[in-house]
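One structure is given here, and the rest of the page talks about it.
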Amino acid sequence: MKDIEIGPIRPPSESESLLIRVTRGCHWNKCYFCGLYKSMKFSMRPIEETIADIEKQATLYQGKKFKSCFLQDGDALVLKTDYLLRILEALNKCFPDLEYITSYARADSITRKSPAELKELRQAGLNHLYCGMETCSDRILQLINKGFNADTVVKSGCMAKEAGMILSEFILLGIGGKEFSEENAVQTAKALNIIQPDFIRVHATGIKPESKLGEFVRDGSFTLQSEEEIVIEQKLFLQRLQEMDSYYVNEHIINLLLEVRGNLQTEKQEMLSAIDRFLSLSPDEKLLFTIGRRLNIFFLLDDLKKPELHKKAEESLRKILSKSPDVDFAALCNYIRQSQI
Ligand code: SF4
């Protein structure tokens, strides 16, 4: 049905979900690394319009059993609790098979609700929040203009868990640049050990040239890390995370080492071993893997053992070096990463 309004973005894990747009864009829209909703003016959709969309989708998908529904766009929790409860009621009525209703949620939108309101939302079916904490270093949160501090991140995460919600926290490796790499790893792990989210979703940072952070790179106040330095940061982050029952999710092509994923309680050592396997490669093989990964020739470290892929990566690297012998690989890899967001 052509008059159903669908927003542009959902988390990768919601690819099979029913999408219901409750707001347009992001009401904050000021994070210095983010261009997701830059060209979009924020608005809340009138409740009658959203409920009409739910009913139209129920007609459109008659007979299809959705297990999950994602509320779009950038932060549905900014909406008044009453509004959300009416949406949840309409969803449950039209799609009785839903097991999960999920949404992005900013930390400060969560803490603006009372514990009782969060529980009410949870009981009405909103049971999984995706929170972009990015980091839990106050200095980096300020640097990227996130609009909340580390205390709010921790408080919001604990509130969501106490309300019985499933909690996913998004983390950006490399978001502190060379300047705050260690701080990013240590402070973020410290906060996550307190929150104990169900999922820790890790992304490598890709800085777009037109973003404010891109300006910082040009004026020299933010120094891009090499791929190896981001992996070293990831190792420290992982080492500092407790062996808790949280799943370390690595689901985006933007990440260099796609094999680093698993349950922190049972698979932390395997994840660290995969990182060490990369770090112990010779400098030439490390560079070859990095370039091969970024060009999607390799996907896993084991691909290095495949002669035809190895040769293809070598040829690509040779071409890059013959065109630009002094290429800045950190900048080149950042360029590729930011194009994958
Ligand atoms: S990162 Fe999230 S909160 Fe920040 S501007 Fe982008 S959508 Fe909004």
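The values are calculated or read from the model by the stated rules, or taken from the named source; none is laboratory data. What you are looking at is a predicted structure, and each value in this text was computed from that prediction instead of being measured. Counting neighbours? That spans all protein chains shown, and the Cβs are built from the backbone with ideal geometry, glycine included. Remember, those area values only see protein heavy atoms, side chains included, never the ligands or the DNA or RNA. Shrake-Rupley method; radii C 1.70, N 1.55, O 1.52, S 1.80 Å.
Per residue of the chain, what 222 nm ellipticity follows from adding -39500 (n - 2.57) for every DSSP H run with n ≥ 4, rounded to the nearest 500?
On the way: 13 runs with 150 residues, N = 341.
Value at 222 nm, helices only, nearest 500: -13500 deg cm²/dmol.
How big is the range 119-223 on each of its three principal axes, counting only the C-alpha atoms and giving the largest first in Å?
49, 26, 20
Could you report the chain's accessible area per residue, 1.4 Å probe, as an integer in Å²?
Details: 15630 Å² over 341 residues.
Using a 1.4 Å probe on heavy atoms only, each residue of the chain averages 46 Å².
If we count every other residue with Cβ under 12 angstrom of Cys131's Cβ, Lys/Arg +1 and Asp/Glu -1, where does the sum land?
For residues surrounding Cys131, the net value is 0.
Give me the percent of DSSP beta bridges within the chain that run antiparallel, rounded to the nearest 5.
Roughly 15 percent of the DSSP beta bridges within the chain come out antiparallel.
Could you work out what % of the accessible surface of the chain is carbon and sulfur, using a 1.4 angstrom probe and leaving DNA, RNA and ligands out of the count?
Within the chain, the accessible surface is 52 percent carbon and sulfur.
Which value in nm describes the separation of the simple spin-label points at Asp138 and Lys41, placed 7 Å from the Cα toward the beta carbon?
Going from the Asp138 label point to the Lys41 one covers 3.7 nm.
Under the √(5λ) rule applied to the eigenvalues of the Cα gyration tensor, what semi-axes describe the equivalent ellipsoid of the chain? Give them in Å, descending.
Square roots of five times the eigenvalues give 37, 22, 20 Å.
Might you list the cysteines of the chain that have no disulfide-compatible partner by the rule of another cysteine's Cβ under 4.7 Å?
Here Cys26, Cys69, Cys94, Cys131, Cys136, Cys158, Cys333 come out as lacking a disulfide-compatible partner, given the Cβ-Cβ threshold of under 4.7 Å.
Projecting each Cα onto the charge dipole of the range 1-142 (Lys/Arg +1, Asp/Glu -1 at the beta carbon, about the Cα centre), which of Asn29, Tyr130, Met44 comes out farthest on the positive side?
Farthest towards the positive end: Asn29.
How much length would be gained if the chain were fully extended between Glu210 and Ile6, taking 0.36 nm per residue of separation minus their Cα-Cα distance, in nm to one decimal?
Using 0.36 nm per residue and subtracting the Cα-Cα distance, I get 70.8 nm.
Pop the C-beta distance of Thr81 and Thr59 into the FRET formula with R0 = 45 Å and round what comes out to the nearest 0.05.
The computed FRET efficiency comes out at 0.95.
Can you list the lysines whose alpha carbon is less than 16 Å from that of Lys312, not counting same-chain residues fewer than 8 positions off?
Lys286
Against the longest alpha carbon principal axis of the chain, how many degrees, from 0 to 90 and to the nearest 10, is the axis of helix 150-162 turned?
Rounded to the nearest ten degrees, it is 50.
Multiply the residue separation of Asn92 and Asn29 by 0.36 nm, subtract the distance between their alpha-carbon atoms, and state the gained length in nm to one decimal.
That pair, Asn92 and Asn29, stretches by 19.6 nm at full extension.
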